[in-house]
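To keep things clear, I will list the structure first and then write my remarks on it.
The values are calculated or read from the model by the stated rules, or taken from the named source; none is laboratory data. Source: prediction; values computed, not measured. FYI the Cβ positions are ideal-geometry reconstructions off the backbone, even for glycines, and counts take in every protein chain you see. Heads up: the accessible areas ignore ligands, DNA and RNA and are worked out on the full protein's heavy atoms, side chains in. Shrake-Rupley method; radii C 1.70, N 1.55, O 1.52, S 1.80 Å.
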Amino acid sequence: IDASSYNVELYKSRHSHQILHNAIYSTDDEIVKLKKYMGDGDDDTNSGNFSISGFVYENNNHGASGDEFEEVETISLETIMKMVGGSVGLLKIDVEGAEVDAMLNKDLSKIKYITGEFHNFLGEEAQCKLFNWIEVTHTELYSTGDGITSHYQKLWKLK
């Protein structure tokens with residue numbers, strides 16, 4: 001599942017597996033604005049990173065900014081779980097700031113492993129809330145990053 005038509009088309013050019021063109025979010029069927037991550041001088045970073053969060057770093061003005069955007073339909077974790085039959089071996093999430101929207105207060109008990117990038121711009125309160133929610137059903141196995149100057153990379157296993 002990827003929100004960016006650029007990433008979806010690139011994937012399709014190299015693979016034959018099905019890919020969904022949606023932004024993961026708390027609910028289904030909403031239309032959100034997806035913006036590309038921009039670097040110095042509003043230069044396209046060519047990173048493949050896109051976000052619905054609209055976050056921009058205060059210290060360098062990098063982030064999901066600019067006037068250009070793509071409208072994308074949302075899909076929820078509940079719908080994804082139904083599509084795959086109700087249980088998942090590994091959920092790898094890298095949703096450029098939509099982690100809380102995608103996972104908080106969701107039933108994670110049918111996911112064996114959860115891993116991903118959790119963005120420092122979410123703030124400590126939102127990070128703690130999300131991590132505490134995940135740890136209701138999962139045990140943390142690995143963590144790197146400090147959540148302040150760098151993103152977290154984390155891995156949990158179902159208890």
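Annotations for the structure displayed:
- Complete set of residues in the range 77-117 that are β-branched (Val, Ile, Thr) and at pLDDT 90 or above: 79, 80, 84, 88, 93, 100, 111, 114, 115
- Restricting the range 118-151 to residues that are among the charged types (D, E, K, R) and either at pLDDT below 95 or on the phi > 0 side of the Ramachandran plot (or both) leaves a set whose member that is least open to solvent (accessible area, probe 1.4 Å) is 146.
- Within the range 77-109, if we keep just the residues that are touching a Lys or Arg at 6+ places or on another chain (Cβ under 8 Å) and in a loop (DSSP other than H, G, I, E, B), the residue that is most open to solvent (accessible area, probe 1.4 Å) turns out to be 87.
- Tally of residues being free of Cβ contacts under 8 Å to residues at least 60 places away in the same chain and assigned to a loop (DSSP other than H, G, I, E, B) across the range 110-130: 2
- Test: residue in the range 17-26 that is open to solvent by 80 Å² or more (accessible area, probe 1.4 Å), at pLDDT 85 or above and over 26 Å from residue 106 (Cα atoms): yes
- The one condition in (1) assigned to a loop (DSSP other than H, G, I, E, B); (2) in contact with a Leu (Cβ under 8 Å, 6 or more places away or on another chain) that residue 150 fails to fulfil: (2)
- The set of residues from the range 59-72 being at pLDDT 80 or above and either of a type outside the set (Asp, Glu) or open to solvent by less than 80 Å² (accessible area, probe 1.4 Å) (or both) comprises 69, 70, 72.
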